[in-house]
Amino acid sequence: MTESVAITDLADAEQGTSLWKDAWVRLRKNHLALFGLGVMLFLCVIALLTPWIAPYGYETQNLQLGASPPSAEHWLGTDIFGRDMLTRIMYGSRVSLAVGFIATAVALLIGVLYGTVAGFAGGRVDAVMMRLVDILYALPFMIFIVLLMVVFGRNILLLFLAIGAVEWLTMARIVRGQVQSLRRQEFIEAAISLGLSRWTIIRRHLIPNTLGPVIVYTTLTIPSVMLLEAFLSFLGLGIQPPQSSWGLLISYGVETMEEYPWLLIFPGLTLSITLFALNFLGDGLRDALDPRASKD
Amino acid sequence: MSRFILSRLLQAIPVLLVVITATFFLVRAAPGGPFSAEKTVPPEVVKALEARYKLDQPMWQQYLSYLDDLVHGEFGPSFRYPGRSVNELILGGLPTTAELAFYAMLVAILIGACAGVMAALKPNTPQDYIPMSAAMLGICMPSFLMGPLLVLIFGVWLEWLPVSGWGDLPGDKILPAITLGTGYAAYIARLSRGGMLEVMSQDYIRTARAKGLPEWVVVLKHGLRGGLIPVVAFLGPAFAGLLSGSFVVETIFQIPGLGRFYVQAAFNRDYTMILGTTVFFAALIVLFNLLSDIVAVWINPKLRHQLREGH
Amino acid sequence: MKAPLKSTLLILLCGLLWACSGGESNVTTGNRDGILHLGNGTDPQELDPHIVTGVPEHKILTALLEGLVLKDPATLEPIPGVAERWEVSDDGKHYRFYLRHNARWSNGDPVTAGDFAWSWWRALQPALGNQYAYMLFVIKGAEAYYKGSIKDFERVGIHVIDDYTLEVELANPTPYFLQLLDHYSYFPVHRATIEKFGGADERGSQWTRPGNFVGNGPYNLSEWRLFKRVVVSKNPYYWDADKVTINAIHFHPTENVTTEERMFRSGQLHRTASIPIDKVASYRKHHPELLYTQAYLGNYFYRFNTRVPQLSDKRVRRALAMSIDRDAIVKQVTKGNELPAYTFTPPDTLGYTAPDGFRYDPDKARQLLAEAGYPGGKGFPVTELLYNTSEGHRKIAVAIQQMWYEQLGIKIVLNNQDWKVYLNSVENGDYAIARAGWIGDYVDPNTFLDMWVSGGGNNLTGWANTRYDQLILKLAPEASDPAERYRLMQEAEALLLEDMPLIPIYIYTSKNLVHPSLKGLQPNLLDYSLYKRLHLDASFSGEVIH
């Protein structure tokens, strides 16, 4: 019985394309996930087109006007320099989405590979690999950032590097835990007994089977990456004023939330909608990729 | 099991040594010394101060004497607080931070696990969407936003709770614990929902149901054990993260904790203090990761079996 | 599964209810018991007057220790402290102080002239690492002693005539000498206590801990908890103890100004150390009676690195200075009643006012820039403006960046760095334009002007002018007539502003929120208060301000 299940599983995995096709079919039935996908696509299109469609320049100031609430000229109001908030949010989306996706992708790639290898190899290799993670966890992050800044100067690529360097650690731990529990399951043992190479097992069986928690964690990583960017920009790494990002707009907005609430509400709302969309999409993907979970 | 724990503790020694060494040289490589100030410090003063803190010695000598002190349990004098030793500072801040982290963890687990399990029992229904959306809000709301917002509502407008402090006024621990806990609650909710979904579709759950066990027994006895594995893997790093990441909350609420010392030390280039707190946090992280691995082994019978076989 | 959620909510609710039932605010209890609650900015690093460097430490130390002379908070003129009177010789170089016989340390010991001599000797020990040792250099021989060229302290101009008479000989007639005596570097310390806990020049011994600390000020140190509070309570041995009406003062560290403002609003503080920029307007509108703004002895300015090619031309520097609309910055960005600055020394610094060095004049600025070879900003290299990470600096930099772009067509990029990195960059001349601030050590133009001499430790711009050096280092100090001295300094400042190695932007203001129950505050240029002149009106409670 177990033998045959394992073999069918193997056969499934051989045809990677059909897995994705099936997933797409299932995803299409999930309205919330589709809505999430739609919102994300919309945001990406806006971000790409911003330089052509933004109503004002992102740095154009009007000090006499100062902070003004939403009006016909400025739909989302203006900040204390009289800069149009809609424009600034649109330009901010370029930074935030890029950072969110690229840095998360970096973290994902490193974390999943590292965690899988450690979890699958087990024993001494696992111990050494996980102690390395412990070391990286423990190093003083801020000093590390300051050093990066000084050695390499200010650079948006460094931002990705710095964020990726932190975010992959937790990912690796989670994936390793998952792989450890998968490793003793029948179909993996079957694959080993069939003489498949380790790399093939990792690629075809372990990684696909960790997708669930990984996708969930990814949808959590993207927002925290966007906020981390705000912190790093605040420290001087990353982007510099007058450029902006959602995280920065929110952290500025917090300062004046009693006086000029719209400076917090609109960027906050944008970020929240994005996160909800991502979340729905992530859940949908997870269910779509993992047929077992969506039954019942 | 005890062999596993012992070997992990032994492994911690090289880990800490690498952390110490890397940090020792990292902080000295960072620009801006501990004694620079807005008004340029006269060179004679800088010389006197460097002599006082042995910064005029060759680097390797400083390193060795630091290790020597460390073996004797001495973290050295703080550069920023001339009359204080790092030991004194850490011991002063630790109880507060640990208490804060503990309450925050409580908040996170209570809210997170409840929301996640509720959601997983009836996926894709309002019982799923509502708690999960609420959990999502926790992530959307970084503590630098959540803190001021809670303070504004409960402290300033409603006047229910103090706006700052720790242990000075009744109820002043509530808002900091919630602020710090909610971010982690969201993670826990997400992870436990995922884990529960995974487990509840497994065969042994079906078997349990087929045996006619009441649903709550199935969920609590069989479901939770497997479903919370990803959560447990997360708890170790999360608690360490709570301890070292309480900086923002400690600043917003003026709490005299370790997180603030740590970040202040980094900004001030208080070398001994940075090293002291880093070593201390590193030890905690190693410890909590070990604990979460032990718990993971304990609740996952397969891993337990594997260990007994001889790892 | 709903039960745990319900019980969680229940627990939280109970907690909330329990919390709401109790709790009088600090202000309410403080007014009743005579305890003053002050927001005090950054957490104090140390309470040794010869080691500390900051304003928060100064505010605590003036409660714990007292110098020979105090200042009248209304006029900033010297008034008797430990010295009940003093005489100044005709050449302005010899001061004789007569100490009051009833001045006591907080353990009952008398305060003597010998205590002051010993304390100043200690302040001049290099091993102590006293960053303000230079404040004593106006005393004859003090600098030479500190730097080691005189070994014998007897040759320094500090002479104990008898227990209650102290004579000081200065290197030059220094009109501001009496003011310095109220700076912590001139404060007396209790010799027996310091020697009990370590060497005289030992940094960071335990003598400053509560229980150990012996002072001679109106208050005694009773509690010091890092990041939490410093508490001082009335010293019964203080010579003027009858006048001290407040029983204790709690200094609360308030690094986060936003939190500080909320603490004030919920009745936790009588007075804040600062106020968030964005709150000023709303307080001015709704609660003007709580908001205190007062010119402060400091200048917010930008340094030019004159070694950077495009900034080596003074026409460029002047053009940049003349195209900043300071009125707009003060009204729209900083909003705290700051005074737009067209000189470096704040106007009317004890009667000294420098002539304006320039005006806001974009047309003239464009013309100057064109003369320098950059008509309409064409060909002007992208230049970096450096500031240390902070909301306020960012806002000003963003506004000025845009002004320069609109008025001159010049592209500036902003660079914010963490405080220590920023200090490092500025000290190494690794910048083009850098934000800076300068707070006077004492009320005299000299504290603003002597930093710009060639190669001065705080000059850092690469600017050097021999005439300026001569005026500041030689002619002005030796001038016998105060009016002549000011005239020479005005000449020097005119030179400085003509060459413009820096752009003054505004004169600081101190901004505080003050609860109406706190009486007796007298606003002044130094944000200085004499605690013995303050009192609390018990009829006020600490109601929350909406």
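The values are calculated or read from the model by the stated rules, or taken from the named source; none is laboratory data. This one's a predicted model, so the numbers in the text were calculated from it and none came from an experiment. Methodologically, a virtual Cβ is constructed for each residue, glycine included, from the backbone with ideal geometry; neighbour enumeration extends over all protein chains shown.
Annotations
- Filtered by the rule that a residue be assigned to a helix (DSSP H, G or I) and either touching a helix residue (DSSP H, G or I) at 6+ places or on another chain (Cβ under 6 Å) or closer than 30 Å to C:L311 by Cα (or both), the stretch C:463-485 gives C:T466, C:R467, C:Y468, C:D469, C:Q470, C:L471, C:I472, C:L473, C:K474, C:L475, C:A476, C:R485.
- Checked against the criteria, B:W166 does not count as over 24 Å from the mean Cα position of the chain (by Cα), facing chain C (nearest Cβ under 9 Å) and under 21 Å from C:N256 (Cβ atoms).
- Scanning the stretch C:399-409 for residues that are more than 10 Å from every other protein chain (Cβ to nearest Cβ) and without any contact (Cβ under 8 Å) to a residue 60 or more places away in the chain returns a single hit, C:G409.
- Scanning the stretch A:234-247 for residues that are modelled with pLDDT of 75 or more and surrounded by fewer than 24 Cβ atoms within 10 Å (Cβ to Cβ) returns A:I239, A:Q240, A:P241, A:P242, A:Q243.
Okay, residues lined up against (1) over 24 Å from C:M135 (Cα atoms); (2) modelled with pLDDT of 90 or more; (3) at the interface with chain C (Cβ under 9 Å from one of its Cβ atoms):
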position: B:P42; (1), (2), (3): no, no, yes
position: B:K54; (1), (2), (3): yes, no, no
position: B:S65; (1), (2), (3): yes, yes, no
position: B:H72; (1), (2), (3): yes, yes, no
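- Note on the stretch C:35-107: enclosed strands (runs of 3 or more DSSP E) holding 2 or more residues that are closer than 16 Å to C:W239 by Cβ are C:69-71, C:78-80, C:83-88, C:94-99.
- Options A:M142, A:M149: the member that is under 28 Å from A:S245 (Cα atoms), at pLDDT below 75, in contact with a strand residue (DSSP E or B) (Cβ under 9 Å, 6 or more places away or on another chain) and within 14 Å of chain B (Cβ to nearest Cβ): A:M149
- For the stretch B:209-260, a residue qualifies if it is farther than 25 Å from B:T179 by Cα and of a type in the set (F, W, Y), and exactly one does: B:W216.
- Test for C:D48: is it modelled with pLDDT of 50 or more and facing another protein chain (nearest Cβ under 9 Å): yes
- Checking each residue in the stretch A:42-70 for being under 29 Å from the mean Cα position of the chain (by Cα) and either buried (at least 17 other Cβ atoms within 10 Å of the Cβ) or among the polar types (S, T, N, Q) (or both) picks out A:L43, A:A47, A:T50, A:A54, A:Y58, A:E59.
- Counted residues, the stretch B:97-124 - those being farther than 19 Å from B:L228 by Cβ and at the interface with another protein chain (Cβ under 9 Å from one of its Cβ atoms): 1
- Close contacts from the stretch C:250-269, counting a first residue that is more than 8 Å from every other protein chain (Cβ to nearest Cβ) and a second that is in a strand (DSSP E or B) and of a type in the set (D, E, K, R), with Cβ to Cβ under 9 Å and a gap of 6+ residues or different chains, come to C:H250/C:E223; C:H250/C:R229; C:F251/C:R229; C:F264/C:R271.
- Within the stretch A:198-222, the set of residues being without any contact (Cβ under 8 Å) to a residue 24 or more places away in the chain and within 14 Å of chain B (Cβ to nearest Cβ) comprises A:L220 only.
- Screening C:Y374, C:Y422, C:Y360 for residues that are hydroxyl-bearing (S, T, Y) and either within 21 Å of C:D327 (Cα to Cα) or surrounded by fewer than 21 Cβ atoms within 10 Å (Cβ to Cβ) (or both) leaves exactly one candidate, C:Y360.
- In the stretch A:40-80, the residues that are within 11 Å of chain C (Cβ to nearest Cβ) and of a type in the set (S, T, Y): A:T60
- Being closer than 30 Å to C:V214 by Cβ, assigned to a helix (DSSP H, G or I) and either within 8 Å of another protein chain (Cβ to nearest Cβ) or free of Cβ contacts under 8 Å to residues at least 60 places away in the same chain (or both) holds for only one residue in C:D242, C:D278, and it is C:D242.
- Residue list for the stretch C:367-398, filter: assigned to a helix (DSSP H, G or I), in contact (Cβ under 8 Å) with a residue 24 or more places away in the chain and either in contact with a Pro (Cβ under 8 Å, 6 or more places away or on another chain) or among the β-branched types (V, I, T) (or both): C:L369, C:I396, C:A397
- Of all residues making up the stretch A:92-127, the number that are of a type in the set (A, V, I, L, M), crowded, with 23+ Cβ neighbours inside 10 Å and closer than 30 Å to A:Y252 by Cα: 4
- Residue among C:R229, C:R284 that is in contact with a Leu (Cβ under 8 Å, 6 or more places away or on another chain) and without any contact (Cβ under 8 Å) to a residue 40 or more places away in the chain: C:R284
- Note on the stretch B:178-202: among residues that are of a type in the set (V, I, T) and closer than 21 Å to A:L278 by Cα, the one that is farthest from the other protein chains (Cβ to nearest Cβ) is B:T182.
- Selection from the stretch B:194-246 of residues that are over 24 Å from the mean Cα position of the chain (by Cα), in a helix (DSSP H, G or I) and either among the polar types (S, T, N, Q) or closer than 14 Å to B:M105 by Cβ (or both): B:T207
- When residues of the stretch A:248-259 are limited to those that are acidic (D, E) and part of a loop (DSSP other than H, G, I, E, B), the one surrounded by the most Cβ atoms within 10 Å (Cβ to Cβ): A:E258
- Members of the stretch C:177-216 that are of a type in the set (S, T, N, Q), in contact with a helix residue (DSSP H, G or I) (Cβ under 7 Å, 6 or more places away or on another chain) and either away from chain B (no Cβ under 13 Å) or over 24 Å from C:Y531 (Cα atoms) (or both): C:T193, C:S205, C:Q206
- Any hit, the stretch C:170-182, residues being under 25 Å from the mean Cα position of the chain (by Cα), in a strand (DSSP E or B) and in contact (Cβ under 8 Å) with a residue 12 or more places away in the chain: yes
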